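What follows is a single structure, written as C-alpha cells, with notes after it.
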2 protein chains.
Amino acid sequence: MADLGEASLAGRPVAQAAGAGSPVRIGDVARAAEVSTATVSRALRGLPHVASATRQRVLAVAAELDYRPNLPAARLAAGTTNTIAVAVPDPAAWFNATMVGALGREMTAAGYDLLLSGVANLDERQRFIELNGVRSGRSDAVVLIDVALDETAAEAFVAQGGRAVSVGFRTQALSSVTVDNVAVGSDATQILLRHGHRRIGLLSLDSGDSLNFSIPAHRAQGYEQAHAEARLTPDPALRVSTSNSWAEARRAAHVLLDTSERPSAIFAMCDEQAFGVMLAARDLDLCIGEDLSVVGVDDHDQSRLVGLTTVRQHVARQGAVAAELLLHMLGPSVEPPQHVQLDTELIIRDSVGPPGVD
Amino acid sequence: MADLGEASLAGRPVAQAAGAGSPVRIGDVARAAEVSTATVSRALRGLPHVASATRQRVLAVAAELDYRPNLPAARLAAGTTNTIAVAVPDPAAWFNATMVGALGREMTAAGYDLLLSGVANLDERQRFIELNGVRSGRSDAVVLIDVALDETAAEAFVAQGGRAVSVGFRTQALSSVTVDNVAVGSDATQILLRHGHRRIGLLSLDSGDSLNFSIPAHRAQGYEQAHAEARLTPDPALRVSTSNSWAEARRAAHVLLDTSERPSAIFAMCDEQAFGVMLAARDLDLCIGEDLSVVGVDDHDQSRLVGLTTVRQHVARQGAVAAELLLHMLGPSVEPPQHVQLDTELIIRDSVGPPGVD
DNA sequence: GGTGGTGCCGCAAACGGTTACAGACACGCG
DNA sequence: CGCGTGTCTGTAACCGTTTGCGGCACCACC
C-alpha cells in the first residue's frame, strides 16, 4: 500500500465510505506517503526544501485521501488566520455592499477570508475593536468602513499590534482611503448655485450612531464654502439630517418642503437620501428638475434610472485600493501608514435645472 | 499580590504597558486568580461547577489583566467555531446584501460570526463546499443563498457531517427557505394579462453561471401557466435572458423593443432588470405604464421611487427565518431538515396599464 | 463512625497542525 | 581522503485552549 503509482492513477478520490467516520489528519497523509508530517506540511503549502518528486507524491496522496487541513489547528500553530474582519455600519446599504463586494473579490483572490460585522453604534464598535485585536487571533487585519476611530483609539489599536485600513475617514495611525468630501460638498453645491439657486436645502447624514462625523461635516463644509465663494450665507433653517434610508429622508424632505419658504433645491449627502427627496417631491406634485432641483452623492446604481445629478465616488476602485493597502500591510515589510485620496466626479443628469418661478 | 480585593478595586485595567509585549494567556489569569486553567475556562464561559465566589474572582482578574482568549486555540480544542459561512453569487446585489444584513444581525446576536464568500460560478462553488465542510473546521454551518446544490451533492455534504440551510432553492437534504416562484411568475403575468396585454416579453435571469436554475425556471413556468389559464400561448421570440444587472437588462430589453412586433409589456424576473427595461423604454421615448408596462420581482428599495409594479418577497423575513433554521440546526437535537416557504405579495404601482394603441 | 452524595476544583491528555533545529546524504574540490 | 556546502528530511517542541476523570472536602443520614 501507499503505492504512489496506483494511488495517483486511481482516478477520483476513494474518500472514506465511512461517512463522517474518520477525519483524515496530516499524520495519515504522512504515513501513506511515507514521509514525516513536517514534509507533508511543507509540500502542501508550497514551501521550499521539498524535493519535487516528494512533493508530487504527497500531493497525490493528499488528494487520494481527500485530506483537508484543520484550520484552527493551522492557525493556532502558525499564529496567522488569513482572515480579515470588515466593519460596516449597515451591510445592506448600497455603498457598503458594493464596497464589501469589491474588497471580497480582491481579498479572496489573495487567499483571504472575509469576516463581516455590522457595527452600528459605539458599543458595537468597541466590541468589534476588542474582539479583533491581534491577541484574539480572530483576524489578521481589520478594515473599517465608515466606522471611525479617534486618533488615540487608533494609536492604541496599532500599538497592540493591530493592523487596520480605514475607508471613509482618515487617521494618522491607520492606512486610509478617502475622497475629498469638502470638494464633494462644494461641487454639489456649486452646480446648484450656478443654475441660480439661492435657497439650497442641506440634507445631512447622521451616520449611524455618530460613527463617522467627518463625512457629513466635510460635505457640509463644502456646502458652506461654495456659498461663501458666491458671497452668500445659507439659511440654517434649510438644514436637516437623517440616516441614509430613503424613508427617513423622505420625511425629512417634507419638513423642508412643507413650508412657504421652501428651498428651490436640495443637496442630499447620499443618493439614497436623494431618492427620498424625490419621493417627497412627488408627494407634493413637484417636478424634479423644474420645481425642485436635487443633487446627491455616490452615483448609486439606480441614480441613472431616475436621472439624479450626483457626485460619483468610484466605490469599486476604493475597495480595490483598500485591498491593495491591506495586502501591502500584511506583507513582510513594515512601513508607515499610507493615505490614498481618490477623485470624485460630478455626474450631470436631469434632476438639476434653474429655480422654478415661484 | 494576586489580591483580588485590590485588583477588582483598581478600576480600569492596568493592561500591559509593554505594548504588544506579552499576550496574557489563560495560564496567567489562572495564576493570578490562584486557580487552575480549567476553572478559568469554566468561569469565563459561564459553565457550571464553579463556585460563585471563584467565578467572581476569575472574572475580576481576567478583566484586570485584559485577557482575551485565543480563538484558534479554543476552536481547536472545542472543535467548534461559532462561525457560519455564507455563499452568495454577488455580495453587492440588492437582494443578497439585504439578506446578508438580516442574517448577520440575527447571527451576531446569537454569538456567531459571519464569513462572507462571493461564489459566482461552479468552480467557486466547488471550492466553497470543499473548504467549508466540517473537516476543515472553518465554519459550523453554511448558508447558501442562490448557490444551488443538486440533490446528490447536498446529500454528500450532510453525509460528511456538514450543516447547511439554503435560501432560494430547495433540496431534500438541506433545510431551506424559499418562495413559491411559480406563483410569483404567475401573479406577475396575470396582472399584465388582466390589463389586456397579449404580447408579454419575458426577461429571464441567467443566475450567475447557472448556479440556481430553479428560480428562473419556476418563474417562467408561472408565466407559461398564467398564459395557459388564459388560453394563450406566449411567443417564444419574446423571451430573452440576462444577468441581474440593469445595464445588461437594458440591452436585452432593446432586443425585445427594437422590433416592429414588440411586446406591450415585459415581465422582468427581478427589479434590477426591470430598471434596465425602464431605461431602455426611456431610450425609445416609450412611456412606462402607457406605451410599455413592466412588472418586476423583489420590491427593491428603489422600486417605489420609480413606480414599479412588482412581486414583493420579504427579504428580511427570509433572512430571519434562515437564521432561525440555522440556530435550530446548531442546537443539540438532531432533526430532519425543515422547509419553509414564505408568501409573496403583488405590489401595484404605476408601471402597469392597459396596452397602448399601437 | 461509616457510607453515600454532592459540589468544586485540578491534573493532564487531547485538539491537529507548524517549524526550529539538527541529521543524513550526495557532491565537488583541493 | 577530509572537508565544506547545499539539499532534503525527520524529530520533537511548541501554539493556547477545552474537558474527562478523579480527588477532596463537606454534609446528611443512618
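The values are calculated or read from the model by the stated rules, or taken from the named source; none is laboratory data. All of these numbers come straight from a predicted model, not from anything done at the bench. No Cβ is skipped: glycine too gets one built from the backbone with ideal geometry, and neighbour counts run over all protein chains shown. Accessible surface areas use protein heavy atoms only, side chains included; no ligands, DNA or RNA. Shrake-Rupley method; radii C 1.70, N 1.55, O 1.52, S 1.80 Å.
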Average projected area [Cα convex hull, region B:181-314], square nanometres: 7.4
Distance in nm between pseudo-label sites at B:Ala159 and B:Ala77 (7 Å out along the Cβ direction from Cα): 3.6
Dipole moment magnitude, nearest 20 debye, the protein assembly as shown about Cα centre, only Lys, Arg, Asp, Glu C-beta charged: 1920
Listing of region A:91-111 residues, each with accessible area lower by at least 50 Å² in the full protein assembly than in the chain alone (probe 1.4 Å): A:Ala92
10 Å-binned pair-distance histogram of chain A (Cα, whole percent): 5, 21, 23, 17, 13, 9, 7, 4, 1, 0
Solution diffusion estimate, µm²/s, Stokes-Einstein, the protein assembly as shown, Kirkwood Rh from C-alpha pairs, 37 °C, viscosity 0.692 mPa s: 116
Nm distances between copies for B:Thr54, ranked from closest, using label points 7 Å along Cα→Cβ: 4.8
Estimated distance in nm for a label pair at A:Ala109 and B:Ser22, the labels positioned 7 Å out from Cα along Cα-to-Cβ: 4.5
Check: region B:181-314 dipole with +1 on Lys, Arg Cβ and -1 on Asp, Glu Cβ, in debye: 300
Label-point gap, in nm, between B:Thr233 and B:Gln126 - each point 7 angstrom along Cα→Cβ: 4.1
For A:Glu151, inter-copy label distances in nm, listed shortest first [label point 7 Å out on the Cα-Cβ vector]: 6.6
Antiparallel content of DSSP bridges confined to the protein assembly as shown, in %, to 5: 15
Full-stretch length increase - A:Ala53, A:Glu261 - with 0.36 nm per residue and alpha-carbon distance subtracted: 66.6 nm
Charge dipole of the protein assembly as shown about the Cα centre (unit charges at C-beta), most positive-ward option of A:Ala247, A:Leu47, A:Pro355: A:Leu47
Interface B:A - total buried accessible surface [probe 1.4 Å, Å², rounded to 100]: 4300
Sites B:Asp283 and A:Asp285 - FRET efficiency at Förster radius 30 Å, r taken between beta-carbons, to 0.05: 0.70
Size of electric dipole in chain A: Cβ of Lys, Arg +1 and of Asp, Glu -1, about Cα centre, debye, nearest 20: 1120
Surface per residue (accessible, 1.4 Å probe) for region B:181-314, Å²: 37
Per-residue [θ]222 nm for chain B (sum of -39500 (n - 2.57) over DSSP H runs n ≥ 4, rounded to 500): -13000 deg cm²/dmol
Highest-fluctuation residue, A:Ala220, A:Ala43, A:Ala265 considered, GNM on chain A with Cα pairs under 10 Å: A:Ala43
Max mean-square fluctuation residue, GNM over chain B, Cα-Cα springs under 10 Å, options B:Asp28, B:Asp140, B:Asp258: B:Asp28
Solvent-accessible area, 1.4 Å probe, carbon plus sulfur percent, for region A:86-154: 51
Whole-percent carbon and sulfur share, accessible surface of region A:181-313, 1.4 Å: 47
Residue (of A:His195, B:Pro91, A:His314) at the positive-pole extreme of the protein assembly as shown, dipole from beta-carbon charges: B:Pro91
Choice from B:Ala33, B:Ala92, B:Ala280 with maximal GNM fluctuation in chain B (Cα, 10 Å cutoff): B:Ala33
Threshold 50 Å² - residues in region B:282-307 whose accessible area is reduced by that much or more when the chain is no longer isolated, probe 1.4 Å: B:Arg282, B:Gln302, B:Arg304, B:Leu305
Label geometry 7 Å along the beta-carbon vector: A:Arg127 inter-copy distances in nm: 3.2
